[in-house]
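Each remark here refers to the structure printed beneath this line.
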Amino acid sequence: MRAGRLNKRVSIQVRGTEQDEFGQTIESWTLVASRKATVTPLKVNERITAGAEFSSATDVITVRYDATLADVVTQHRVVWGERTYDIKSVTNV
């Protein structure tokens, strides 16, 4: 992958839980890694191929692999600016 294509900064987060001041369990997100990435919108035919006409998949996010990212799975999420993405699949290309 050419470094110039990695022109967006994304954060990869994992879901966790913690307790608030009243002892209630609340969902929280912890930063796993912050990486340069390419964010590519899916083409129309890829949206249909991805599952259905109304698929929720909107973008493909590509980052360089390193050992920190080895455990990233669909329970993680990606944050890019104000957008938050649920990870639907992880592929080593």
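Here is how the numbers come out for the structure above:
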{"read-out": "Filtered residues of segment 1-42 (kept if hydrophobic (A, V, I, L, M, F, W, C), assigned to a strand (DSSP E or B) and either touching a residue at least 12 places away in the same chain (Cβ under 8 Å) or open to solvent by 70 Å² or more (accessible area, probe 1.4 Å) (or both))", "value": "10, 12, 14, 29, 31, 32, 33, 37, 39"}
{"read-out": "Some residue of segment 45-55 being part of a loop (DSSP other than H, G, I, E, B), modelled with pLDDT under 90 and of a type in the set (Ser, Thr, Tyr)", "value": "yes"}
{"read-out": "Close pairs from segment 59-86: first closer than 17 Å to residue 29 by Cα, partner open to solvent by less than 60 Å² (accessible area, probe 1.4 Å) and of a type in the set (Ser, Thr, Tyr), Cβ under 8 Å, at least 6 apart", "value": "77/85; 78/11; 78/85; 79/11; 79/85; 80/11; 85/58"}
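The values are calculated or read from the model by the stated rules, or taken from the named source; none is laboratory data. Just so we're clear, the structure is a prediction, and the values are computed from it rather than from any experiment. Glycine also receives a Cβ, built like all others from the backbone with ideal geometry; neighbour counts cover every protein chain displayed. For the accessible areas, the whole protein counts, side chains as well, though only heavy atoms, and no ligand, DNA or RNA atoms are used. Shrake-Rupley method; radii C 1.70, N 1.55, O 1.52, S 1.80 Å.
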